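Some notes on the structure that comes next.
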Amino acid sequence: MNNSTYEIIIMLILAYLLGSIPSGVWIGKLFFRIDIRRHGSGNIGTTNTYRVLGPIAGTIVMIMDISKGVVATLLPTFFGNHTITPLVFGLMAILGHTFSIFDKFKGGKAVAVSAGMLLAYQPVLFIIAISMWLFLIFISSTVSFASIVAFILITIIIFFTHDILLSILASVLTIFIIYRHWENVIRMLHGTENNVSFGLYYWLHKSKK
């Protein structure tokens, strides 16, 4: 193997390890002495961190998880090796986050890391996606609903960019995100899904009590 191949292998491993960092678990244990896997939904991502540890910790975890996707996707730029698309390294970070070597190959639902990959690859699309996500949370007061719908909508938009590889990856990730949120979907259908304590749905529901 030549040096370029070795670099690619190193970048793939680094991308996976970056994605594997269990931000929610580390923040919970380091600053709160709480293992969030034993509280709330048991998930290590932003939403459960927000619910269990509060908005500051939840925001920090979200930034960390987005950063994992950004850094992993930019690895070819750091190494000066553009042999293959940076999306591959973003995908490795997503796999690391979902099947973390530091968490017995379990992990989060990959929304924030996927957003980080998009931020590094197409910043304008990231701004559109995050804007839709925030708007949908404000309307529905439900993070899982906002995440699924935002993924579907940004995937449709991506199709119009004629970036075939990104379109394929976005489609696969959307299906994967729906699969990872399937329990949330069931709870939404039964009206038992957890809501955030703000937004139109929350305020309207609260006013009826």
Which entry is the computed log10 I(q)/I(0) by the Debye sum over Cα atoms at q = 0.19 Å⁻¹ for this structure: (1) -1.25; (2) -1.55; (3) -1.41?
(3)
About the Cα centre of the chain, how large is the charge dipole given +1 on each Lys and Arg Cβ and -1 on each Asp and Glu Cβ? Please answer in debye to the nearest 20.
860 debye
Compute the helix-to-body angle for 143-159: its Cα long axis versus the longest principal axis of the chain, expressed 0 to 90° and rounded to tens.
40 degrees
Determine the calculated [θ] at 222 nm for the chain from helices alone, applying -39500 (n - 2.57) to every DSSP H run no shorter than 4 residues and normalising by the residue count; nearest 500 deg cm²/dmol.
-22000 deg cm²/dmol
Calculated SAXS-style log₁₀ I(q)/I(0) at q = 0.16, 0.22, 0.23, 0.24 Å⁻¹ - segment 40-154, Debye, Cα scatterers
-0.76, -1.29, -1.36, -1.42
Relative exposure of LYS68, LYS208, judged by other C-beta atoms within 10 Å (fewest first):
LYS208, LYS68
For segment 122-209, what is the convex hull (Cα atoms) projected area averaged across all directions, in square nanometres?
6.0 nm²
Which of rounded, prolate, oblate describes segment 54-113, given a ≥ b ≥ c as roots of the alpha-carbon gyration tensor eigenvalues and a/c under 1.5 marking rounded, otherwise prolate only if a/b is larger than b/c?
oblate
Among ILE158, HIS190, ILE127, which residue has its Cα furthest toward the positive end of the charge dipole of segment 122-209, with +1 on Lys/Arg Cβ and -1 on Asp/Glu Cβ?
HIS190
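Every number here is computed from the coordinates shown, using simple stated rules; none is lab data. Given the structure is predicted, the values throughout are model-derived calculations rather than measurements. Glycine also receives a Cβ, built like all others from the backbone with ideal geometry; neighbour counts cover every protein chain displayed.
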